[in-house]
Amino acid sequence: MPSDLSPPVGKAYLVGAGPGDPGMLTLRGVECLRRADVVLYDYLVNREILRFANEHAEQICLGQHGKTRIWTQAEINEALVNRGLAGQQVVRLKGGDPTIFARGSEELGALQAAGIPWEVVPGVTAATAVASCAGISLTDRDQASAVALITGQESCDKRKPAMDYQGLANFPGTLVFYMGVTTARTWTRQLLLAGKSPDTAAAIVRRCSLPDQQTIYCRLDEIADRVAAAEIRPPAMIILGEVTRSMAHPCWFEGRPLFGVRILITRPLDQLDQLRQPLMELGADVLTHPMIRIDPPESWAPVDQACSDFSQYDWLVFSSANGVRFLLDRLRATGKDARALGNLRIAAIGPGTARELRRFHLDADLQPGEFRAESLAAELVQGAAEQ
C-alpha cells in the first residue's frame, strides 16, 4: 500500500496572556507555552510571560509601534496557517483575552478554513483586571447591575459607525472603554452630546496589574484633558460610572509598601525567584541581572582531603545555603552521608543557611544574632573562652 508522506498537521492555541502580571496567566496557558514550537506574541504582552515557553520554542514579536513594523492581520493569519500545516504546535499569545477586542475570530476563521486544529485558552481581560488592581467593582447591587465593554477603536472598513452613543448614554450600569486613549476626545464628546452627564465619575487606569500602574480619577468631561496632560499612552482602560466614585484611594494594589520602587536583583539565575517573588508581592518593580554564577571547583581534591577526617575539627561553619548544598552533595557523591560529620558542631550564618541545613536533616548548633561572619567569629571566640 502507498504510504502517506504528507507532513502531520499541527495545532494552534489562541492563548490569553492576561493584563500583564505573569501571575494572572492561566495554568492552561502555561501548559500550551511549554509545548509550543513557536510563539507569536503581541508587543504589549509582558516578556516575563515568555519565560514559561519551551526553551527551544521560536519566539516572534508581531511588531511594536514606533520601533518595528507591525504585522498585518493577513500576515498573522498566514503565519498561523503555515506553521500549523508544517506540523508545529503554535501559540498565538494575546494580551488580555483572545475573544475580547483581539481579532480572535479572524484568526480562528483562517485556521478553520485551512483545516488546522485549534483551541482558545481564555485569559483575564483588562476589564476584570481593573476590578482587582484598581479596586473598582464593576458591578454593585445599588449602583450598577450591568457592564458594557466598548472599543474605542472601530474598524475603518465599516460602512457606518456601529456605536450607539445614545444607547450608551442611557446605559444603566458601568461603561468600560478599551483602546480609548487616543480617541478619548471623540467618544467623550459623543457621549456628552447624547446626554451623558458631564459629572459622571470616571477612572483612567494605565498598565493595569503592573508595578507602574497609574490611576487617575476624574469626570467624564475631564477625561480628554487629563489624558493629554498626563501623556497617557496605551495600554489603558477608562471606566465610567458611579462605581468609580466610592472606591478607596489609593487601592490595595497601589498602596503596597514597595509600590513605585524599582529593585535590581543580582543573584544567580536559579535563585532569583526566592527573592523576586516576595518583593513583587510587596509591589516592587523587580529587575533581574545575575552577576554571579555558582559552579563546582575545577578540582574537588582539596575539599575531599578536608572532608576525609572530620574528627580533627571542632566546628563546621557554613556561610551560605550554597555552601551547605555543595558540601553535603559532595559527601553523597563520594559515598558518604551526614554520619561522616560525627560529633562535629555546626554553625550557620543567617536563617537561609540554617533552613538549607534542615533540608539535609541537620540543625545548626550556633546561629549568630547578626548575619555576618564577624558576629559568628565573635560568638565562637566567646564560647571557647567560656568553656
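The values are calculated or read from the model by the stated rules, or taken from the named source; none is laboratory data. If you're wondering where the values come from, they're calculated on a predicted model, not measured in any experiment. Positions of Cβ are generated from backbone atoms using ideal geometry, with glycine treated the same way; all protein chains shown enter the neighbour counts. We work out accessible area using only protein heavy atoms, side chains counted, and drop any ligands, DNA or RNA first. Shrake-Rupley method; radii C 1.70, N 1.55, O 1.52, S 1.80 Å.
Estimate the FRET efficiency between Glu48 and Gln274 by the formula 1/(1 + (r/R0)^6), using the beta-carbon distance for r and 22 Å for R0, to the nearest 0.05.
That pair, Glu48 with Gln274, gives E of 0.85.
At q = 0.11, 0.16, 0.18 Å⁻¹, work out log10 I(q)/I(0) for the stretch 123-243 with the Debye formula, treating every Cα as an identical point scatterer and leaving solvent out; two decimals please.
Taking Cα atoms of the stretch 123-243 as identical point scatterers yields -0.33, -0.73, -0.93.
With a 1.4 Å probe and all protein chains left in place, how much accessible area per residue does the stretch 313-387 have, in Å²?
Value for the stretch 313-387: 62 Å² per residue.
Once every DSSP H run of n ≥ 4 in the chain is given -39500 (n - 2.57) and the sum is divided by its residues, what mean residue ellipticity at 222 nm do you get, rounded to the nearest 500 deg cm²/dmol?
My calculation for the chain gives -8500 deg cm²/dmol from helical runs alone.
Here are some values of P(r) over Cα pairs in 20 Å bins from 0, in percent: (i) 27, 60, 14, 0; (ii) 21, 40, 26, 12, 1; (iii) 26, 56, 18, 0. Which one was computed from this structure?
Comparing each candidate, only (ii) matches the computed number.
Please report, in debye to the nearest 20, how large the charge dipole of the stretch 116-234 is about its Cα centre when each Lys and Arg carries +1 at its beta carbon and each Asp and Glu carries -1 there.
The calculated dipole for the stretch 116-234 is roughly 240 debye.
Once the piece of chain linking Ser197 and Ala146 is laid out straight, how much longer is it, given 0.36 nm per residue of separation minus the C-alpha distance between them?
16.5 nm
Pop a pseudo-label 7 angstrom from the Cα along the beta-carbon direction at both Ser311 and Arg103 and give the gap in nm to one decimal.
7.7
Kindly provide the chymotrypsin sites (Phe, Trp or Tyr not before Pro) of the stretch 195-284 that DSSP labels as loop, not H, G, I, E or B, and whose Cβ sees at most 14 other Cβ atoms within 10 Å.
Answer by residue number: Trp252.
Whole number in Å², please: accessible area per residue of the stretch 40-136, 1.4 Å probe, ligands, DNA and RNA not counted.
47
Give, to the nearest whole percent, the P(r) tail of the stretch 9-62 beyond 13 angstrom, counting all Cα pairs.
So the pairs more than 13 Å apart make up 54 percent of the total in the stretch 9-62.
Restricting attention to the stretch 238-291, which trypsin sites (Lys or Arg not before Pro) occupy a DSSP loop and are surrounded by at most 15 other Cβ atoms within 10 Å?
Arg245
Can you compute the modelled spin-label distance between Ile263 and Leu282, with each label point 7 Å from Cα toward Cβ, in nm?
Going by the 7 Å Cα→Cβ label model, 0.4 nm.
May I ask you to list the residues of the stretch 293-328 whose amide nitrogen lies under 11 Å from a point 7 Å from Cα along the Cα→beta-carbon direction of Arg359?
Of the residues in the stretch 293-328, 321-326 have backbone N under 11 Å from the label point off Arg359.
Between Arg345 and Phe326, what length in nm is gained on full extension when 0.36 nm per residue of separation is reduced by their alpha carbon distance?
5.0 nm
Can you find, among Asn82, Gly180, Gly96, the residue farthest towards the positive end of the dipole of the chain? Put +1 on the C-beta of Lys and Arg, -1 on that of Asp and Glu.
Highest projection toward the positive end goes to Gly180.
Once amide H atoms are built 1.01 Å from N in the peptide plane, which residues 5 or more positions from Asp285, or in another chain, come under 5 Å H to H?
Those qualifying (amide H under 5 Å, at least 5 residues apart or on another chain) are Gly260, Val261, Arg262, Ile263.
Residue by residue through the stretch 13-24, what is 3J(HN,Hα) from phi via Karplus (6.51 cos²θ - 1.76 cosθ + 1.60, θ = phi - 60°)? Round to whole Hz and write x for glycine and proline.
Computed from phi, the couplings for the stretch 13-24 are 10, 8, 10, x, 7, x, x, x, 5, x, x, 9 Hz.
At what distance in angstrom do the alpha carbon centres of the stretch 64-102 and the stretch 189-205 lie from each other?
Between the Cα centre of the stretch 64-102 and that of the stretch 189-205, the gap is 35 Å.
How much FRET efficiency would the formula 1/(1 + (r/R0)^6) give for Gln64 and Ala229, where r is the Cβ-Cβ distance and R0 is 30 Å, rounded to 0.05?
In this case the efficiency is close to 0.75.
Can you give me the Cα centroid spacing of the stretch 214-260 and the stretch 130-153 in angstrom?
13
Please give, to one decimal in nm, the separation of the simple spin-label points placed at Glu55 and Glu75, each 7 Å out from Cα toward the Cβ.
Result for the modelled spin labels: 3.1 nm.
In sequence order, what are the phi-derived ³J(HN,Hα) couplings for the stretch 288-297 according to the Karplus relation 6.51 cos²θ - 1.76 cosθ + 1.60 with θ = phi - 60°, rounded to whole Hz, with x for glycine and proline?
10, 8, x, 10, 10, 9, 9, 10, x, x
Report in % the part of the accessible area of the chain that belongs to carbon and sulfur, leaving out ligands and nucleic acids; probe 1.4 Å.
Result for the chain: 52 percent of the exposed heavy-atom area is carbon or sulfur.
Whats the longest run of the chain with zero GluC sites (Glu not before Pro) that are DSSP loop and have at most 15 other Cβ atoms within 10 Å?
So the longest stretch without any such site is 56-153.
Skipping prolines and chain starts, which residues have an amide H placed within reach, meaning under 5 Å, of the one on Ala12, given they are 5 or more residues away or on another chain?
Val90, Trp118, Glu119
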